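Q: Questions regarding the structure given below will be posed in turn.
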Amino acid sequence: MAIGICMSHKVADTSTVANFINDWAARNKCDQYVPSPLFIGADTFPQGDMPLFPETVLEKGDCVTKRFVFDAPKIASLKAIVADKVQNPTRVEVVTALIYSCAISALRSTSQSSLNPTVFIHAVNLRTRVIPPLPKNSVGSMIWAFTLSTAENGVIELHDLVTQMKQSMTRFCDSYAQKFRGEDQWPAIFKECTQALRKEFSIANLVTYRCSSWCRFPVYEADFGWGKPIWVTIASCSLKNAIFLIDTRNGEGIEAYVNLEKQQLDVFERDAQLLAFASLNPSALDSI
């Protein structure tokens, strides 16, 4: 038996979806269970006289989605490779950096855009980043993103990418996220944030990659009465240069869903460096 769900990002993010599914399952098993979503978005981030945020253009194309699984020992090996140059690398950081590095290599070997600069956009759950933190059951699309860039034809080193990710995340949190809460600072910070993003994306011939991590969200906790799920997966989509990460069932590995144009993905999925740490579409039963 399978359950599918689709929700608009205009009203919800991964945290909201995970909480909704778990509340739905709990309510299904117990009539007395009362879900407790908190609709505090309008109070937390008041609209006021805010500048209009430019509509995001999500580039689509002739894309193919492939699933790659990084088990815990391979992730540990990835961490070990960068550990002497990066302090406390995380699972998501090393896996994301490897995928981004291999994606750039595929771009440079197959595309007329091979010499173009690239930017990597990584979604951030604001609930745990603002001060004070927001409750986990806050409902809404409470996300932003930090970015990191690579120059055209620059050498891509794994430890450099992980370092850049850490620095970009820290800079985003210190400069923006920690100041998002409150009427006094929110409008000015929002304006500054949008101006920074506009500047980032004004670079000519920019190639954009996006990543959303669902890791550590409780997607394997829902029990509708016949047990917890054997496998939680993410549907494929036509969004170009997109990467989605989700925990394996044991919570130690990572499944990565990579969307690239077919010609680039054909090169990407044969990358020896990638395949040294990831398995291409193994059986979901392997992680049980």
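All of the numbers you see were taken from the coordinates with simple rules; none came from a lab. Everything quoted here is computed from the prediction, not taken from an experiment. Note that we place each Cβ from the backbone using ideal geometry, even for glycine, and neighbour counts take in every protein chain shown.
Q: Measuring from a point 7 Å past the Cα of residue 72 along Cα-to-C-beta, which residues in the range 210-251 have an amide N at less than 13 Å?
A: Inside the label zone: 248-251.
Q: Let me ask something additional. If you build the convex hull over the alpha carbons only and average its shadow over all orientations, what do you get for the chain? Give it in nm² to one decimal.
A: Details: hull surface 63.9 nm².
Mean orientational projected area (the chain, Cα hull): 16.0 nm².
Q: Could you name the lysines in cross-link range of residue 29, using Cα to Cα under 26 Å and dropping any fewer than eight places away on the same chain?
A: Partners found: 136, 228.
Q: Given a Förster distance of 51 Å, report the FRET efficiency between residue 206 and residue 30 from their Cβ-Cβ distance, rounded to the nearest 0.05.
A: Working from the Cβ atoms, E equals 0.50.
Q: While we're looking at this one, here's another question. Within the chain, what percent of beta bridges assigned by DSSP are antiparallel, to the nearest 5? Numbers along the way, then the final one.
A: Working: 25 of 35 bridges.
Among the beta bridges of the chain, antiparallel pairing accounts for roughly 70 percent.
Q: Given points 7 Å out from each Cα along the Cα-Cβ axis, report the residue 111 to residue 280 separation in nanometres with one decimal.
A: Reported label-point gap for residue 111 and residue 280 is 2.0 nm.
Q: Follow-up. For the range 111-219, what does the alpha-carbon gyration tensor say about shape, rounded, prolate or oblate, given a ≥ b ≥ c as the root eigenvalues, a/c under 1.5 as rounded, and a/b over b/c as prolate? All intermediate terms of the calculation are to be shown ahead of the outcome.
A: Working: a/c = 2.24, a/b = 1.62, b/c = 1.38.
Prolate, because a/c is 1.5 or more and a/b exceeds b/c.
Q: Taking a virtual spin label 7 Å from the Cα of residue 250 along the C-beta vector, which residues in the range 269-288 bring their backbone nitrogen under 11 Å of it?
A: Taking a point 7 Å out along Cα→Cβ of residue 250, the residues of the range 269-288 whose backbone N falls under 11 Å are 286-288.
Q: Here's a follow-up. Compute the FRET efficiency between residue 239 and residue 196 as 1/(1 + (r/R0)^6), taking r as their Cβ-Cβ distance and R0 = 22 Å, and round to the nearest 0.05.
A: Values: r = 23 Å, r/R0 = 1.04.
The calculated FRET efficiency here is 0.45.
Q: For the chain, with a Gaussian network of springs between Cα atoms less than 10 Å apart, report the residue from 249, 91, 270 with the top mean-square fluctuation.
A: The residue with the greatest mean-square fluctuation here is 270.
Q: Subtract the Cα-Cα distance of residue 88 and residue 43 from 0.36 nm times their separation in residues, and report this length gain in nm to one decimal.
A: Full extension from residue 88 to residue 43 adds 12.6 nm.
Q: Determine, from the Cβ-Cβ distance of residue 221 and residue 11 and an R0 of 35 Å, the FRET efficiency 1/(1 + (r/R0)^6), rounded to the nearest 0.05.
A: Working: r = 22 Å, r/R0 = 0.63.
Given R0 = 35 Å and the Cβ-Cβ separation, E is 0.95.
Q: Whats the longest run of the chain with zero GluC sites (Glu not before Pro) that are DSSP loop and have at most 16 other Cβ atoms within 10 Å?
A: Values: sites that count: 55, 59, 152, 157, 183, 221, 252.
No qualifying site falls inside 60-151, the longest such stretch.
Q: Something else now. Classify the range 181-288: rounded, prolate or oblate, from the alpha-carbon gyration tensor (a ≥ b ≥ c, eigenvalue square roots; a/c under 1.5 rounded; otherwise prolate if a/b is larger than b/c)? Show your work: numbers first, answer last.
A: Details: a/c = 2.94, a/b = 1.31, b/c = 2.24.
Oblate shape, in that a/c is at least 1.5 and b/c is the bigger or equal ratio.
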